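The values are calculated or read from the model by the stated rules, or taken from the named source; none is laboratory data. All figures in this text were calculated on a predicted structure; none of them were measured in a lab. Don't worry about glycine lacking a Cβ; one is built from the backbone with ideal geometry, like all the others, and counts go over all protein chains shown. Protein only, heavy atoms only, side chains kept; ligands, DNA and RNA dropped before computing areas. Shrake-Rupley method; radii C 1.70, N 1.55, O 1.52, S 1.80 Å.
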Amino acid sequence: MDSTGASGNLQKGAKTRASILDAAERLFSHRGYDGTSLRDLAGEADVRLGALHYHFGAKDQVLAAAIDRRLGTLHDEIEASFAAARAGNRLSDVQDCVRAFIMPFLVINADRSHPLHHFVVMTSHLMSSYRVPEVEPAIRRLSAITQIFITALCDIRADVDTDRLLTGTYLIEAALIFMMQDPGFLDDLSEHHHSAEHLDRIADASLAFFSAGLSALIDR
C-alpha cells in the first residue's frame, strides 16, 4: 500500500472513532450507560458493529475513550475560569471560588452547540452510576476537575477543615450534577432565554445557595 492509501485509511479510521465517540456522548447522555448497547452505539454512529469492536472492543472502552477525549478540554475551561478570577482580583472568598467553578458548567449546559455540551451532560448522568464497576474507573478521572476547586479554596482558606470541605464540595457537585443532567432545568429557570443576563441570574441564585451552605460547614 502506498503512502496515499495508508494516509486515507488512517483518516477513515480516525473519522470512524470520532463518530463512535460522538454517538457515545449523545446516547450515554440520554439513556445512561446501562441503557445503551454496543448495537445502539453502532447504529447511532452509522457504522458496522464489527467496526466498533475493531476500534474499541467493549462498551467500557468506548466510555473510557469518550472521557479521555474531552476531559483535558473541560479541565482547561475550569482552570481558565479560576485564572480569569485571579487576574481580576475576584478570587478572595468562598463565593468567588464557587462562582469560578459553577459558571463554566452553566454556560456549557446552556449552549447546545458548545463542544463540551454533550460531554458535560454525559458525565453528569454517569456520576449517578459511579459505583457500577465498568463506569467507576472512567468516572474517577473526573476528580481532577474537583481538585481545581478544592485547591483554590485551600489557597484562600489555609486553615479549612479538609473533611468539612470535602463534604461541602460533594454536596455542591451533587446539586450541580442534577442541574447538568436535566436538559429542561436551565430552560425553566431562564425562561428559555440563555442570555448572559439570565445565566448571571441563575448563577447568582445558585451561588448564594452553594456558598452559604459551604461557608456554614467550613466556618463551624
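Numbers for the structure displayed
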quantity	calculated
Number of the condition not met by residue 33 [criteria: (1) touching a Leu at 6+ places or on another chain (Cβ under 9 Å); (2) free of Cβ contacts under 8 Å to residues at least 60 places away in the same chain; (3) within 30 Å of residue 13 (Cα to Cα)]	(2)
Number of positions in the stretch 130-183 that are assigned to a helix (DSSP H, G or I), open to solvent by 90 Å² or more (accessible area, probe 1.4 Å) and touching a helix residue (DSSP H, G or I) at 6+ places or on another chain (Cβ under 8 Å)	2
Looking only at the stretch 18-47, and only at residues there that are open to solvent by 50 Å² or more (accessible area, probe 1.4 Å) and modelled with pLDDT under 95, the one that is farthest from the chain's Cα centre (by Cα)	34
From the options 214, 199, residue that is closer than 18 Å to residue 103 by Cβ and at pLDDT below 90	199
Residue check, residue 119 at pLDDT 90 or above, open to solvent by less than 10 Å² (accessible area, probe 1.4 Å), aromatic (Phe, Trp, Tyr) and under 15 Å from residue 179 (Cα atoms)	yes
Matching residues, the stretch 52-86, being buried (at least 17 other Cβ atoms within 10 Å of the Cβ), small (Gly, Ala, Ser) and more than 30 Å from residue 156 (Cβ to Cβ)	64, 66
Test: residue in the stretch 102-115 that is at pLDDT 95 or above and on the phi < 0 side of the Ramachandran plot	no
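The rows are residues; the columns are (1) touching a residue at least 40 places away in the same chain (Cβ under 8 Å); (2) β-branched (Val, Ile, Thr).
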{"site": "70", "(1), (2)": "yes, no"}
{"site": "79", "(1), (2)": "yes, no"}
{"site": "103", "(1), (2)": "yes, no"}
{"site": "114", "(1), (2)": "no, no"}
{"site": "123", "(1), (2)": "yes, yes"}
{"site": "127", "(1), (2)": "yes, no"}
{"site": "132", "(1), (2)": "yes, yes"}
